[in-house]
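A quick write-up on the structure given underneath.
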Amino acid sequence: MFELNDAVMLLIDPESGAIVDANAAASRFYGYAIERMRTMMISEINMLPPEKIAEERARSLRLERNYFVFPHRLANGEIRTVEVHSSPIRVGDNTLLFSIIHDITRQHQAEQELRIAAIAFESQEGVFVTDADQIILRVNRAFTDITGYTAEDVVGKSPHILSSGRHDEAFYAGIWESIMTRGTWQGEIWNRRKSGQIYPEWLTITAVKDESGKVTHYVAALMDISLRKASEEEISQLAFYDVLTRLPNRRMLLDRLGRAMAASKRSRKQGAVMFLDLDNFKPLNDTYGHIAGDMLLIEAAHRIARCVRETDTVSRFGGDEFVVLLTDLDTDPAASREQALLVAEKIRAALAAPYLLTLTATDPTTSATVEHHCTVSIGLGLFSGRINMEDILAKADTAMYQAKHDGRNRIRMYEAPS
């Protein structure tokens, strides 16, 4: 039975660990001739430390344990995972360990892969798995943490339950076209939590196919990127917007002015740049401090913004200077001039109205309301088509200084020197 059995069998001296005998199946498995194996120690095959191997042999000899899992090395250097059933038997006058060995490498690898997959499934990313008909089969804990939906809420349902309503059919069609052609899609998407809150997430969808190439499942991994989006928005605010008034800054204005000029060239419609400088701002700062000045600038920004269209741009250049960009005026220069002057007058009147500023004293429980009068000098420059941006700004600035020179609280249109 020992010599002819297809199972790998060894007889081992429990004291020394010497291989006393090996059958033909062992020779084929390990890659050594039987005669060679009879001269070897089990430690030449078993990859555990010798003291650990000796400890396990002793346990088998005392009948404390007869099942082990070891890493065994073959003659070609390959490491295989084996399970060993080892029990003491009498052979003549000697007690030996009779070991039956089975190669469980594939099973062991499969178990490891399952453990890894289980750990990966319970990762920080939300994961849900659907069948080929896009019906949710399973979700992980992170999915519940992110979306608020438990497995009981969504298993058996379509992922459409997560839809925010922000994307049209063409958006989703593009996703599925990518999955069908490339097997995967990833990108930014807005979805809805169970609470109803709409949030941004980074979504990856992968098609799982069988040996024939047929899709059997879809695996989706999602990450909540709300914090990242908020950080990006904050960076954008710092880069393109004035911190105090939240108006576009010079960089943003120049970008929009360039776009407006390109649009003007296509449509032949005129545009206008309006340079504003507050006339009576410094005395407020000198008397009541910068907090009062900041309050007035914020109020002035609101008043200017209420005088223009949403398509126009109000920006703060710094200090008490503002620039307004008007787009899509008339194609006729005279009509455009009147349109721009009309908006400028509206702004001039709005900024000339008294400012009521509530100032908090050193004691936070007390405050005082200060009435301040602050007019504005406005310079206008018209443009048509794409011209030098700094040039049109300089023209509006020149016209503004002309308004100040003529007595302030006035509007002046740039006129080329004769």
**Prompt:** Within region 336-352, can one find any residue that is in contact with a helix residue (DSSP H, G or I) (Cβ under 6 Å, 6 or more places away or on another chain), open to solvent by 20 Å² or more (accessible area, probe 1.4 Å) and of a type in the set (A, V, I, L, M)?
**Reply:** yes
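So which of Arg138, Arg106, Arg115 ends up being of a type in the set (Lys, Arg) and surrounded by 11 or more Cβ atoms within 10 Å (Cβ to Cβ)? Quick ask: steps written out before the conclusion?
Details: Arg106 fails: surrounded by 11 or more Cβ atoms within 10 Å (Cβ to Cβ); Arg115 fails: surrounded by 11 or more Cβ atoms within 10 Å (Cβ to Cβ).
Only one candidate passes the filter, namely Arg138.
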**Asked** When region 391-409 is examined, which residues are found to be open to solvent by less than 60 Å² (accessible area, probe 1.4 Å), farther than 27 Å from Arg259 by Cα and part of a helix (DSSP H, G or I)?
**Response** Ala403, Lys404
**Request:** Take Ala22 and decide whether it is closer than 19 Å to Ile89 by Cβ, in contact with a helix residue (DSSP H, G or I) (Cβ under 9 Å, 6 or more places away or on another chain), free of Cβ contacts under 8 Å to residues at least 40 places away in the same chain and open to solvent by less than 40 Å² (accessible area, probe 1.4 Å).
**Result:** yes
**Request:** Given the conditions (1) surrounded by fewer than 20 Cβ atoms within 10 Å (Cβ to Cβ); (2) outside any helix (DSSP H, G or I), report the number of the one that Leu10 does not fulfil.
**Result:** (1)
**Request:** Tell me which residues, restricted to region 236-290, are modelled with pLDDT under 90, of a type in the set (A, V, I, L, M) and either part of a strand (DSSP E or B) or open to solvent by 80 Å² or more (accessible area, probe 1.4 Å) (or both).
**Result:** Leu238, Val243
**Message:** For a quick check of your reading of the model, give me the residue pairs whose first member lies in region 76-92 and is under 15 Å from Asp103 (Cα atoms), whose second is of a type in the set (Asp, Glu) and open to solvent by 50 Å² or more (accessible area, probe 1.4 Å), with beta-carbon atoms closer than 9 Å and at least 6 apart or on different chains.
**Reply:** Arg80/Asp103; Thr81/Asp103; Val82/Asp103; Glu83/Asp103
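Of the residues Ile79, Ile89, Ile101, which single one is β-branched (Val, Ile, Thr) and touching a Lys or Arg at 6+ places or on another chain (Cβ under 6 Å)?
On the way: Ile89 fails: touching a Lys or Arg at 6+ places or on another chain (Cβ under 6 Å); Ile101 fails: touching a Lys or Arg at 6+ places or on another chain (Cβ under 6 Å).
Residue meeting the stated conditions: Ile79.
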**Message:** I need the full set of residues from region 266-303 which are aromatic (Phe, Trp, Tyr) and closer than 20 Å to Ala403 by Cα, in order please.
**Reply:** Phe275, Phe281
**Item:** Candidates Asp312, Asp328, Asp320, filtered to the one that is surrounded by 16 or more Cβ atoms within 10 Å (Cβ to Cβ), over 23 Å from Asp242 (Cβ atoms) and under 43 Å from the mean Cα position of the chain (by Cα)
**Value:** Asp328
**Checklist (1) farther than 26 Å from Tyr241 by Cα; (2) surrounded by fewer than 12 Cβ atoms within 10 Å (Cβ to Cβ); (3) touching a residue at least 60 places away in the same chain (Cβ under 8 Å) applied to Thr369, failing item** = (3)
**Message:** I'd like to know if region 143-154 contains one or more residues that are within 19 Å of Thr206 (Cα to Cα) and open to solvent by 80 Å² or more (accessible area, probe 1.4 Å).
**Reply:** no
**Asked** Going through region 222-235 one residue at a time, which ones are in a helix (DSSP H, G or I), in contact (Cβ under 8 Å) with a residue 24 or more places away in the chain and either β-branched (Val, Ile, Thr) or open to solvent by less than 30 Å² (accessible area, probe 1.4 Å) (or both)?
**Response** none
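A quick yes/no check of all residues on (1) closer than 21 Å to Lys346 by Cβ; (2) at pLDDT 95 or above; (3) within 45 Å of the chain's Cα centre (by Cα):
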position: Glu371; (1), (2), (3): no, no, no
position: Cys374; (1), (2), (3): yes, no, no
position: Gly379; (1), (2), (3): yes, yes, yes
position: Asn388; (1), (2), (3): no, no, yes
position: Gly407; (1), (2), (3): yes, no, no
position: Glu415; (1), (2), (3): no, no, no
**Asked** Inside region 122-165, can you point out the residues that are in a loop (DSSP other than H, G, I, E, B) and under 18 Å from Met223 (Cβ atoms)?
**Response** Glu122, Ser123, Gln124, Glu125, Asn140, Gly148, Tyr149, Ser164
**Prompt:** How many of the residues in region 374-390 are part of a loop (DSSP other than H, G, I, E, B), more than 14 Å from Leu326 (Cα to Cα) and out of contact with any strand residue (DSSP E or B) (no Cβ under 6 Å at 6 or more places or on another chain)?
**Reply:** 4
**Message:** I'd like to know if region 203-220 contains one or more residues that are surrounded by 11 or more Cβ atoms within 10 Å (Cβ to Cβ), part of a helix (DSSP H, G or I) and of a type in the set (Val, Ile, Thr).
**Reply:** no
**Request:** Name the single residue, out of those in region 59-94 being in contact with a strand residue (DSSP E or B) (Cβ under 8 Å, 6 or more places away or on another chain) and part of a loop (DSSP other than H, G, I, E, B), that is farthest from Glu44 (Cα to Cα).
**Result:** Leu63
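The values are calculated or read from the model by the stated rules, or taken from the named source; none is laboratory data. Just so you know, these numbers come straight off a predicted model, no measurement behind them. Note that we place each Cβ from the backbone using ideal geometry, even for glycine, and neighbour counts take in every protein chain shown. Side chains are part of the model used for accessible areas, which takes the heavy atoms of the whole protein and leaves out ligands, DNA and RNA. Shrake-Rupley method; radii C 1.70, N 1.55, O 1.52, S 1.80 Å.
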